[in-house]
Amino acid sequence: MRQLNVVIIGQGRSGRDIHGLHLKKDTERFKVVGVVEKMDVRRRRAEAEYGCETFSDYTELFGRKDIDLVVNATPSHLHYAITRDLLSHGFNVLCEKPCVPTVREFDDLCDTAKKNGRVLLVFQQSRFAHYFEKVKEIIASGDLGRIVQINIQFNGFARRWDWQCCREFNGGNLANTGPHPLDQALNLMDMYDGMPEVFCRMDRCNTFGDAEDYCKLILTAPGKPLVDLEISSADAYPLFTYKLHGTRGSLKGTMAHIDWKYFREDEAPDQQLIKEPLTMGGDEKLPAYCSEKLTWHEMSWDGDASAPFIAAVQTYYDQIYALFTEGRPHDIRLDQVRQQLAVIEEAHRQNPHIG
């Protein structure tokens, strides 16, 4: 089996605790041959953990021909410049989210990759989370009927005072957390050839920085369900991750547990429109409320409450391996990422008071 040589730039929470954690387990297909990290102590730890070379600056990689993929897990505001430089010097790059803050910068990265015959990937692993795959499966079954509204909440209560709450570092809830649920929302809308209508309201609640820690995003398009997406750090009572309104039923659930119920039209009472006042029958013509008894079919699903994204990371890297060894396209397409960035850019345009 071919082993792909990988270099990780950054040993923070993403570089070490997501990419590094996976790559240390997936050693038959991937080998970490290098780590770029400015902190001495992190470089020494990386040498011990991966048994690889370490570098203090990514430019030390230039000229190397034995590297299949570079993972750019640097702070968000560095993604554009470093990714562009790597692509220009002949490296394939997997860029962490948020990729870049503007569509213009993303288009430039795509053009640079194409010009140099390189692969550009963006790490949107939550598309493969089991809970999201289950939601898609339930929608596809048709049991809930036509989906009218999709509510997504990635909420909690938290105060934040690190670099990721600053706009100068491309921080804020929409950029930090938002790429996960927004990628899912746009995938459910499935209209990558156009743009949904965007309404966004942002606020600063508990953050010590100048970026938003509350974001309400509403997406609409003809013939598509309305998407109501919240990413709030001011919600001490988060109730669900997903809630669906359908013409024959509903769904509610978290990343660990989902409930849904629906009725079958062939089991429902026959009804027809009555424009006259409804009565209970009899001579008294007492008023009646429009009601009926439906037979509900109730279902549930339990997932992995401890690590909902571990399987998602696995699937993402499965597809990386298939891309490099079989030429099979990755499911996370660049045009899909571009649409997401266009929505984020529009959301910020509507909230000039943030930042």
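The values are calculated or read from the model by the stated rules, or taken from the named source; none is laboratory data. What you are looking at is a predicted structure, and each value in this text was computed from that prediction instead of being measured. A quick note on method: Cβ atoms are made from the backbone with ideal geometry, for glycine too, and the neighbour counts reach across all protein chains shown. Ligands, DNA and RNA are excluded from the accessible area calculation, which covers all protein heavy atoms including side chains. Shrake-Rupley method; radii C 1.70, N 1.55, O 1.52, S 1.80 Å.
Ordered by 1.4 Å accessible area with all protein chains kept, PHE263, PHE30 run largest first as PHE263, PHE30. In this calculation the C-beta distance from ALA288 to LEU239 is compared with R0 = 35 Å, giving a FRET efficiency of 0.55.
Based on Cα contacts under 8 Å between residues 6+ apart, the chain shows a relative contact order of 16 percent. Given axes a ≥ b ≥ c from the Cα gyration tensor, I'd like to know whether the chain is rounded (a/c under 1.5), prolate (a/b larger than b/c) or oblate. Verdict is prolate for the chain. For the pair ASP266 and LYS252, the difference between a 0.36 nm per residue extended length and the Cα-Cα distance amounts to 2.6 nm. Charge dipole (Cα centre; +1 on Lys/Arg Cβ, -1 on Asp/Glu Cβ; no other charges) of the chain amounts to roughly 840 debye.
With Cα atoms defining each centre, the range 210-271 and the range 144-185 are spaced 15 Å apart in the structure.
Annotation for TRP163 and GLN149: the two label points, set 7 Å from Cα along the Cα-Cβ direction, are 4.0 nm apart.
Of all the options ALA268, ALA158, ALA256, the one that moves most in a Gaussian network model of the chain with Cα springs shorter than 10 angstrom is ALA268. Helix 130-141: angle to the longest alpha-carbon principal axis of the chain, degrees 0 to 90, nearest 10? That works out to roughly 40 degrees. Cross-link check: pairs LYS136/LYS293; LYS134/LYS216; LYS31/LYS97; LYS114/LYS134; LYS134/LYS261; LYS38/LYS97 evaluated at a Cα-Cα cut-off of 26 Å; pairs beyond the cut-off: LYS136/LYS293; LYS114/LYS134. The residues packed around ASN116, meaning those with a beta-carbon under 13 Å from its beta-carbon, carry a net charge of +1 if Lys and Arg are +1 and Asp and Glu are -1.
Of interest is the spacing of the C-alpha centroids, which for the range 320-341 and the range 78-108 amounts to 15 Å. By accessible area, using a 1.4 Å probe on protein heavy atoms only, the chain has 50% of its surface on carbon and sulfur.
For GluC sites (Glu not before Pro), the sites in the range 1-58 that DSSP calls loop and that have at most 13 other Cβ atoms within 10 Å are GLU28.
Annotation: extensible slack from GLU326 through GLU47 equals 97.4 nm (criterion: 0.36 nm per residue apart, minus Cα-Cα distance). Relative to the longest principal axis of the Cα atoms of the chain, helix 40-50 runs at roughly 80 degrees. For an R0 of 22 angstrom, estimate the FRET efficiency from the Cβ-Cβ distance between ASP210 and LYS38 and round to the nearest 0.05. The calculated FRET efficiency here is 0.30. Contact order for the range 140-276, expressed relative to its length and based on alpha carbon pairs under 8 Å spaced 6+ residues apart, stands at 33 percent. Counting only protein heavy atoms and a 1.4 Å probe, the range 209-355 has 59 square angstrom of accessible area per residue. Sites listed here are chymotrypsin sites (Phe, Trp or Tyr not before Pro) in the range 147-176 whose DSSP assignment is loop and whose Cβ has at most 13 other Cβ atoms within 10 Å: TRP161. Using C-alpha pairs below 8 Å separated by at least 6 residues, the relative contact order for the range 235-290 is 18 percent. In loop segments of the range 159-202 as defined by DSSP, the trypsin sites (Lys or Arg not before Pro) with at most 14 further C-beta atoms inside 10 Å of their C-beta are ARG159.
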